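See structure below.
The values are calculated or read from the model by the stated rules, or taken from the named source; none is laboratory data. All figures in this text were calculated on a predicted structure; none of them were measured in a lab. Here Cβ is always computed from backbone atoms with ideal geometry, including for glycine, and neighbour counts include all displayed protein chains.
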Amino acid sequence: MKPEETVDYHFKVCWHAISRMYNAEAVQNDMTTSIGFVLLNIDQQQGTPATKIAPLLGLEARSLTRILKSMEEKDFIYKVSDPNDKRLVRIFLTEKGLRKKEVARNTVKMFNKKVQEEVPQQELDVFFNVCGRILGMIENKEIF
């Protein structure tokens, strides 16, 4: 079987193209794609527990630790210990982080708008359905 005949090949190639596109935009704003995704997943009102971010993004805890450290150094976030549970650390956005989150949000919206203009909704619905089924198979360990 040729690689281009496999399902995973198409996911990988497409995701890498999207990631490169997002990184090209992110670099212009002193960010990375990973930082942008973290920013988009932080609840500014209540803060987001650091332990909740990694699973949302499919990251290992070590990778998230490096990203959060970089974000702190860039003054995008600050951490607050939870008053009820000192083991829990909540992540909040600084003013600069809020501005960067808006950049990330607009970039994602622009990409999605363009895709929706080019790909009929019916095809997108099929794509989302297929992705959901594959994810379900993997999460339910129906593959190996």
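Taken over region 34-64, the criterion of being within 21 Å of Glu95 (Cβ to Cβ), of a type outside the set (S, T, N, Q) and more than 13 Å from the chain's Cα centre (by Cα) is satisfied by Asp43, Gly47, Ala50. Within region 38-52, the set of residues being assigned to a helix (DSSP H, G or I) and either exposed (fewer than 12 other Cβ atoms within 10 Å of the Cβ) or of a type in the set (Gly, Ala, Ser) (or both) comprises just one member, Ala50.
Residue by residue, here is whether (1) surrounded by 11 or more Cβ atoms within 10 Å (Cβ to Cβ); (2) within 19 Å of Ala17 (Cβ to Cβ) holds:
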{"position": "Ile91", "(1), (2)": "yes, no"}
{"position": "Lys100", "(1), (2)": "yes, no"}
{"position": "Val103", "(1), (2)": "yes, no"}
{"position": "Asn106", "(1), (2)": "yes, no"}
{"position": "Met110", "(1), (2)": "yes, yes"}
{"position": "Leu124", "(1), (2)": "yes, yes"}
{"position": "Ile143", "(1), (2)": "no, no"}
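Scanning region 1-34 for residues that are over 29 Å from Met137 (Cα atoms) and surrounded by 14 or more Cβ atoms within 10 Å (Cβ to Cβ) yields Asn23, Glu25, Ala26, Asn29, Met31, Thr32. Number of residues in region 53-85 that are among the charged types (D, E, K, R), assigned to a loop (DSSP other than H, G, I, E, B) and surrounded by 15 or more Cβ atoms within 10 Å (Cβ to Cβ): the value is 1. Checking each residue in region 1-37 for being within 10 Å of Ala104 (Cα to Cα), outside any loop (DSSP other than H, G, I, E, B) and either touching a residue at least 60 places away in the same chain (Cβ under 8 Å) or of a type in the set (A, V, I, L, M, F, W, C) (or both) picks out Tyr22, Glu25, Ala26, Ile35, Gly36, Phe37.
Quick grid of which residues meet (1) modelled with pLDDT under 95; (2) touching a helix residue (DSSP H, G or I) at 6+ places or on another chain (Cβ under 8 Å); (3) not in a strand (DSSP E or B):
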site: Arg90; (1), (2), (3): yes, yes, no
site: Leu98; (1), (2), (3): no, no, yes
site: Glu102; (1), (2), (3): no, no, yes
site: Lys113; (1), (2), (3): no, no, yes
site: Ile143; (1), (2), (3): yes, yes, yes
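Entry remark, region 39-51: residues being modelled with pLDDT under 95 and β-branched (Val, Ile, Thr) number 2 in total.
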